[in-house]
Amino acid sequence: MKSIIGISFLTLCLVLINCKKEPTAPNIVDGEKQEIVQLDSLKSYATVRLETDLSHLSDKEKAMLVIMIEASQIMDELFWYEAYGDKEELLSKVAGNTRNYVEINYGPWDRLDNMQSFVKGFGPKPLGANFYPLDMTVEEFENANLPEGKSQYTFVRRNEDGGLYTVPYHVQFKDQIANAAGLLRKAATFADDEGLKIYLETRATALETDKYFESDIAWMNMKTNRLDFVVGPIETYEDQLFGYKAAHEAYVLVKDMEWSKKLEKYAKFLPELQRNLPVPDKYKTESPGTDSDLNAYDVVYYAGDCNAGGKTIAINLPNDERVQLEKGTRRLQLKNAMRAKFDKIMVPIADVLIDDSQRQHVKFDAFFANVMFHEVAHGLGIKNTINDKGTVREALKEQQSHLEEGKADILGLYMVNQLLEKGELEGQKEDFMVTFLAGIFRSVRFGESAHGSANMICFNYFKERGAFKRTKEGKYIVDFPKMEAAMNGLSELILTLQGNGDYEGVKKLTEQKGHISKELQKDLDKLKAAGIPDDIIFEQGVKVLGL
């Protein structure tokens with residue numbers, strides 16, 4: 001991709017074709033390289049240079065960054081296979097802006113437009129991505145009763161007789177995993193921080209075995225590290241068929257020690273906030289781990305799942321419910337990426353859609369806190385159903401991802417409200433609520449992704465309860481008392497659905513409230529007309545960091 005200094009705009013055009021509900025096999029047209037044929041949809045990305053001050057790092061730590069970036073590039077290769085298949089075969093048949101857009105989306109489907117195709121010869125993206133056979137039905141999978149079929153770390157494949165079987169990730173990716181594990185062990189030899197050293201060594205073993213519990217615990221035990229490396233198969237959003245399969249990704253991170261120090265105090269409030277959740281006691285009997293912590297980082301490299309389409313600006317991990325109950329989670333705020341999105345996307349959106357009388361309430365500190373407490377809120381609520389349906393993840397299947405994101409959105413705002421009332425958080429309630437609404441407009445542009453659907457459910461629920469009103473000019477004004485009431489009501493609804501493992505209830509909620517209305521679409525079209533970028537892409541790597 002063309003190197004651009006600072007912030008600039010890469011505008012790419014795409015065609016949306018043949019949007020059928022049934023997934024079709026991704027067979028590209030033979031012959032000539034495929035180009036975009038019409039301008040049905042316009043997407044733009046602000047290009048951000050990922051860099052930070054490395055002057056406080058030792059030579060050993062700088063060497064570790066180089067090694068981590070090399071390992072991240074392997075994760076990128078693995079995610080390409082999971083999301084699409086043969087990367088080089090696809091890239092050889094596209095050119096120009098089409099190729100750039102394919103690389104941004106890790107395939108021929110637009111991640112900011114409901115995975116519709118923009119390359120001739122492709123239908124909609126298969127719901128199971130490349131984790132399952134393209135011709136496999138849900139019923140066939142369920143009837144197969146594969147022992148490791150629901151594992152987060154296996155591919156489902158078809159044998160010569162037509163039957164289904166599983167292949168562990170570490171077997172499918174044997175050579176790449178060996179290289180990545182070797183790099184993690186090499187990085188560990190440079191680590192003076194004992195916690196980071198142990199984590200890198202145990203994570204290398206985890207990649208080789210697909211057993212991540214020990215390395216997740218080691219990651220939770222790190223407290224004094226100045227570098228961090230989130231690496232491996234982690235989130236399950238890519239599997240839209242069941243939500244079982246984790247996809248590979250990596251973040252290379254430099255901790256902002258000063259900002260992290262400011263955030264330390266909030267983790268101690270988690271047990272109290274859990275007890276005060278606005279649901280009956282049976283839905284909050286689990287106690288969040290007390291070893292949770294909050295940290296701020298500058299991210300210097302994205303790879304794989306987190307780099308596809310809309311970019312992550314905060315992390316809440318591990319996802320393993322056992323680790324969460326024992327140790328809690330760590331919340332990582334990606335400060336430089338967050339600032340880029342706020343300045344280049346959030347503020348311009350507010351200028352277009354937030355009424356003049358409330359626009360002054362859209363502030364970066366409120367945006368930072370809303371994002372941070374969204375991640376914290378993943379640790380609240382319930383991980384296991386109250387009626388023996390197993391974990392919430394198992395019970396809700398493909399409906400789990402977006403409902404969990406919706407829970408985090410609304411409980412994040414709930415936490416802000418609680419901490420403001422306790423005097424433990426600085427700022428005005430109005431800042432957080434108006435910034436929250438502006439954040440919905442930013443996120444619903446992602447289409448019907450997990451985050452996009454979650455935000456639409458929240459938007460439509462709030463609208464029905466008068467939490468905001470729309471002026472005749474198409475500007476939005478928050479009604480603060482009604483938004484607070486709606487916040488509590490939606491919190492109770494989502495936590496109850498999760499605790500009951502109510503698959504049909506979640507499906508109905510999504511069908512009713514998880515979509516963009518014609519009125520809202522007209523308002524979102526104003527953002528496109530104003531030239532506001534949909535998201536960000538990066539200049540990143542060893543040269544950008546000056547290493």
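Checked against the criterion of being in contact with an Asp or Glu (Cβ under 7 Å, 6 or more places away or on another chain) and crowded, with 20+ Cβ neighbours inside 10 Å, the candidates ALA366, ALA337 yield just one match: ALA366. Just name the residue that is nearest to GLY123 (Cα to Cα) out of those in the range 102-113 that are touching a strand residue (DSSP E or B) at 6+ places or on another chain (Cβ under 7 Å) and assigned to a helix (DSSP H, G or I). Restricting to residues being touching a strand residue (DSSP E or B) at 6+ places or on another chain (Cβ under 7 Å) and assigned to a helix (DSSP H, G or I), the top hit is VAL102. Can LEU420 be described as at pLDDT 90 or above, of a type outside the set (S, T, N, Q), surrounded by 22 or more Cβ atoms within 10 Å (Cβ to Cβ) and not in a loop (DSSP other than H, G, I, E, B)? No: the conditions fail for LEU420. Within the range 132-146, the set of residues being over 16 Å from LYS245 (Cα atoms) and part of a helix (DSSP H, G or I) comprises GLU139, GLU140, ASN143, ALA144. Listed by first and then second residue, the pairs linking a residue in the range 88-101 that is closer than 15 Å to SER117 by Cβ and touching a residue at least 40 places away in the same chain (Cβ under 8 Å) to a residue that is of a type outside the set (Phe, Trp, Tyr) and assigned to a helix (DSSP H, G or I), with Cβ atoms under 9 Å apart and 6 or more places separating them unless they lie on different chains, are LEU90/VAL102; VAL94/VAL102.
Given the criteria farther than 17 Å from LEU78 by Cα and buried (at least 21 other Cβ atoms within 10 Å of the Cβ), does LEU263 qualify?
No.
Residue count for the range 524-540 satisfying the condition of being surrounded by fewer than 16 Cβ atoms within 10 Å (Cβ to Cβ) and assigned to a loop (DSSP other than H, G, I, E, B): 2.
Matching residues to (1) out of contact with any His (no Cβ under 6 Å at 6 or more places or on another chain); (2) crowded, with 20+ Cβ neighbours inside 10 Å; (3) within 30 Å of GLU70 (Cβ to Cβ):
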| site | (1), (2), (3) |
| --- | --- |
| LYS125 | yes, yes, yes |
| TYR132 | yes, yes, no |
| GLU139 | yes, no, no |
| PRO147 | yes, no, no |
| SER151 | yes, no, yes |
| VAL171 | yes, no, yes |
| LYS174 | yes, no, yes |
| ALA178 | yes, no, yes |
| ALA181 | yes, yes, yes |
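Restricting the range 340-352 to residues that are surrounded by 21 or more Cβ atoms within 10 Å (Cβ to Cβ), among the hydrophobic types (A, V, I, L, M, F, W, C) and touching a residue at least 60 places away in the same chain (Cβ under 8 Å) leaves a set whose member that is nearest to LEU50 (Cα to Cα) is ALA340. Screening ASP161 against (1) in a helix (DSSP H, G or I); (2) free of Cβ contacts under 8 Å to residues at least 12 places away in the same chain leaves a single unmet condition, (1). Any residue that is modelled with pLDDT under 90 and of a type in the set (A, V, I, L, M, F, W, C) - is there at least one of those in the range 326-345? Checked the range 326-345: no residue is modelled with pLDDT under 90 and of a type in the set (A, V, I, L, M, F, W, C). For first residues located in the range 241-270 and in contact (Cβ under 8 Å) with a residue 40 or more places away in the chain and part of a helix (DSSP H, G or I), partners that are among the acidic types (Asp, Glu) and surrounded by 17 or more Cβ atoms within 10 Å (Cβ to Cβ) and lie 6+ apart or on another chain with Cβ distances below 9 Å form the pairs LEU263/ASP293; ALA267/ASP293. For the range 511-542, taking the residues that are of a type in the set (Val, Ile, Thr) and at pLDDT 90 or above, the one that is farthest from ARG470 (Cα to Cα) is identified as VAL542. Looking across the range 74-101 at every residue that is touching a strand residue (DSSP E or B) at 6+ places or on another chain (Cβ under 6 Å) and crowded, with 23+ Cβ neighbours inside 10 Å, the one that is farthest from TYR251 (Cα to Cα) is identified as GLU82.
Could you say whether any residue in the range 60-77 is among the basic types (Lys, Arg), closer than 23 Å to ILE313 by Cβ and in contact with a helix residue (DSSP H, G or I) (Cβ under 9 Å, 6 or more places away or on another chain)? No, that holds for no residue.
The values are calculated or read from the model by the stated rules, or taken from the named source; none is laboratory data. None of the values given here were measured: they were computed from a predicted structure. Methodologically, a virtual Cβ is constructed for each residue, glycine included, from the backbone with ideal geometry; neighbour enumeration extends over all protein chains shown.
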